[in-house]
1. Please turn the phi angles of region 219-233 into ³J(HN,Hα) values with the Karplus equation 6.51 cos²θ - 1.76 cosθ + 1.60 (θ = phi - 60°), one per residue in order, whole Hz, x for glycine and proline.
2. Using Cα-Cα distances under 8 Å and only pairs 6 or more residues apart, what relative contact order does region 11-175 have, in percent?
3. Please report how far the C-alpha centroid of region 106-151 lies from that of region 155-170, rounded to the nearest whole angstrom.
4. Could you tell me what percent of the DSSP beta bridges with both partners in the chain are antiparallel, to the nearest 5?
5. Step through the residues of region 183-197 one at a time and calculate ³J(HN,Hα) from phi using the Karplus curve (6.51 cos²θ - 1.76 cosθ + 1.60, θ = phi - 60°), rounding each to whole Hz and writing x for Gly and Pro.
6. In whole Hz, with x marking every Gly and Pro, tabulate ³J(HN,Hα) for region 52-63 from phi via Karplus 6.51 cos²θ - 1.76 cosθ + 1.60, θ = phi - 60°.
7. Taking Cα pairs under 8 Å and at least six residues apart, what relative contact order does region 189-266 come out at, in percent?
8. Sorted by mean Cβ packing within 10 Å, highest first, what order do the peptides 224-233, 203-212, 37-46, 247-256 take?
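Just so it is clear, none of the values below were taken in a lab; they were calculated from the coordinates. All values reported here derive from a predicted model rather than from experimental measurement. So basically every Cβ, Gly included, is an ideal-geometry build from the backbone, and we count neighbours across all protein chains shown.
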Amino acid sequence: MTPPHLPVLTGRDAAIADEVAVLLHGAAPLGVAFSGGVDSSLLLALAVRALGAEQVVAVLGVSPSLAADERAGAHEVAASIGARVIEVTTYEGESAAYRANGPDRCFHCKDELFTRISDEVVEAHGLAAVAYGENADDARRPDRPGSRAATEHRVLRPLADAGLDKAAVRRLARALGLPSADKPAAPCLASRIPHFEEVSPAKLGQIEQAEKALRGLGFGDCRVRHHGDVARVELPVEDIARAASGELREAVLSAVRAAGFRMVAVDLAGIQSGAFTLPLVSATGGGRHG
């Protein structure tokens with residue numbers, strides 16, 4: 001039965017939701033690795049729809065790589081779904097392999113998250129299973145080493161198993177009225193640091209401050225790539241000219257410099273998913289470890 005706070009799905013959407021429900025059969029109580037992004041939000045909503053809110057808990061990993069705005073937004077999304085949230089502090093920053101920032105950095109991050117969930121949440125809340133929001137498109141990408149961590153920890157991936165690609169995830173999220181349905185992708189802050197350059201709390205703080213300031217200027221989707229003294233700002237192509245024009249140009253400069261960067265460059269290529277990792281895994285044949 002659909003919880004009263006979630007719209008009733010019909011037709012194709014209802015059939016997909018029912019398929020996810022079948023995949024989650026026997027998985028209650030279920031923990032959902034949750035970030036507030038559209039993938040994990042949809043998974044959380046479908047889990048609540050299938051199992052009931054009392055049988056589902058959203059688990060939010062908190063560390064310096066999670067921006068404060070993302071943390072607050074995740075709580076808001078979970079509240080709109082009617083799901084409770086448990087925060088788990090993760091310590092990937094203490095791992096030398098994570099700080100070294102190779103193409104497998106995401107593996108060490110996800111491995112830490114799933115380990116903390118296993119150690120601190122599963123037994124305490126009597127969870128039968130843990131799931132995360134990998135979709136079918138991401139399952140085919142070579143730069144998603146977090147998938148390997150999920151496999152090693154036996155974490156379920158019902159969206160991917162049901163064949164939901166990014167477009168289907170967005171469509172169902174809109175049908176369910178999720179506030180994250182049209183939210184731009186928001187990879188962790190560490191993804192802004194070039195591989196083999198150390199990840200540090202200071203760099204993560206600079207990135208968070210600069211991106212928050214840019215959002216305050218009206219750039220809802222942005223990346224600030226950390227190149228030492230240089231901030232390389234990625235924006236949707238339609239926003240590039242606006243960022244470089246008139247008074248807004250000065251505001252962008254001031255906002256990013258205030259985060260500790262000396263120079264500010266706007267990348268004409270626009271937003272680039274996997275910009276640091278994909279070239280490396282393509283060159284090395286690194287498969288899912290990129």
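1. These are the phi-based 3J(HN,Hα) values: 9, x, 10, 7, 9, 10, 7, 8, 10, x, 6, 9, 9, 9, 8 Hz.
2. Details: 268 pairs, mean separation 45.2, N = 165.
Reported as a whole number, the value is 27 percent.
3. 15
4. Details: 5 of 23 bridges.
If we restrict to bridges inside the chain, about 20 percent are antiparallel.
5. Ordered by residue, 3J(HN,Hα) equals 5, x, 4, 9, x, 4, 4, 5, 5, 8, 9, x, 4, 6, 9 Hz.
6. x, 4, 6, 9, 9, 9, 8, 10, 10, x, 10, 7
7. On the way: 102 pairs, mean separation 24.9, N = 78.
Averaging sequence separation for qualifying contacts and normalising by length gives 32 percent for region 189-266.
8. On the way: 224-233: 18.8, 203-212: 21.0, 37-46: 27.4, 247-256: 16.2.
The densest-packed peptide leads the list: 37-46, 203-212, 224-233, 247-256.
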